[in-house]
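Notes follow the structure.
The values are calculated or read from the model by the stated rules, or taken from the named source; none is laboratory data. Here the structure is a predicted model, which is why all the values come from computation and not from measurement. Counting neighbours? That spans all protein chains shown, and the Cβs are built from the backbone with ideal geometry, glycine included.
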Amino acid sequence: MKRSVATISMFALCIATSCVVRSPTLTARTPSFAAGASAEPGPGPGPAPGPEPAPAGEAPLDDNQVIDAGCTFNADQIKGEPGTLHQVSCPAGCDKDDYLWGTDTYSSESHICASAIHAGAMPHRGGVFTLQLGGPKPAFRGSKRNGIESRDGGVYRGSFRFQGIVAAAPPPQAPARSAVLEPGCTFTGGEIKAEPGTVFHVSCPAGCNVDPRPVWGTNVYTNGSPVCVAAIHAGVSNERGGEFTLTVEPGRPAYRGGKRNGITSQDWGTDRGSFRLSP
């Protein structure tokens, strides 16, 4: 009752003084969902989404992931650029495989696990090691190591080697205009893919005079001739190996054989390509 009297008195006063009575405005305070979401405390953001898993059958792109390889897995199956590092885990039993080309550096078609045993990166019972992808090479030299025999090979589009392995010192740097070849004893001139006039600096291993393969020509040899055996015949290498220059030449209508430095070369007719050897 007291509140009603006070209200009537104020109304009468306003009439006397010509004031305007305004109804109070009620502003609805509707909560903002956006504001509430940012203002209300809650758990922090979840972990960032990780990389998508690699499709089935493909190697992971993440260098930190270990590739669980089987004995027939090769480096062509690893998705990565030359220079990238990849951890690989191999099982036991891969020492019965000899599908590999090279020594210390292997062609990327080679089976990785057998190559790791050959290089000394892993024991016969299996293990984990780090592999580095490489680019193409003009030749791969085979050898027998740790109970596994690798093969000589020609040019291939990719290669790989193992980290932490002490390899033989590379041959002296060749002149800038020469490509470096490190062939094995069975590597022939026909495995060199280059135009006539191309010059290579070649480093041959020891032992190519033992049970040598046939050679055709003298000084200039047929493409079918093994380069390192021909080099002994030409006097630019010997039973201990050696380094020399090879020049790719076009084919000739005839090649003259002869016996030199313990190697007998044979006569031959026309051939599609040749190579010349010099110190």
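Filtered by the rule that a residue be closer than 14 Å to PRO226 by Cα and either among the hydrophobic types (A, V, I, L, M, F, W, C) or in contact with a Cys (Cβ under 9 Å, 6 or more places away or on another chain) (or both), the range 143-155 gives a lone residue, ASP152.
Taking the range 200-213 as the range and being out of contact with any Pro (no Cβ under 8 Å at 6 or more places or on another chain) and either of a type in the set (Asp, Glu) or modelled with pLDDT of 90 or more (or both) as the test, the residues that pass are PRO205, ALA206, GLY207, ASN209, ASP211. Within the set PRO183, PRO136, the sole residue that is within 22 Å of the chain's Cα centre (by Cα), surrounded by fewer than 20 Cβ atoms within 10 Å (Cβ to Cβ) and either at pLDDT 85 or above or in the same structural domain as SER108 (by TED's automatic domain parsing) (or both) turns out to be PRO136. Working only within the range 251-263, note down all residues that are farther than 13 Å from TYR221 by Cβ and either touching a residue at least 12 places away in the same chain (Cβ under 8 Å) or assigned to a loop (DSSP other than H, G, I, E, B) (or both). Correct list: PRO253, ASN261, GLY262. For the range 78-116, the candidate set comprises residues that are within 15 Å of the chain's Cα centre (by Cα) and aromatic (Phe, Trp, Tyr); within that set, the residue that is farthest from GLY127 (Cα to Cα) is TRP101.
Any residue at all in the range 164-180 that is at pLDDT below 95, part of a strand (DSSP E or B) and closer than 30 Å to ARG213 by Cα? Within the range 164-180, one or more residues are at pLDDT below 95, part of a strand (DSSP E or B) and closer than 30 Å to ARG213 by Cα.
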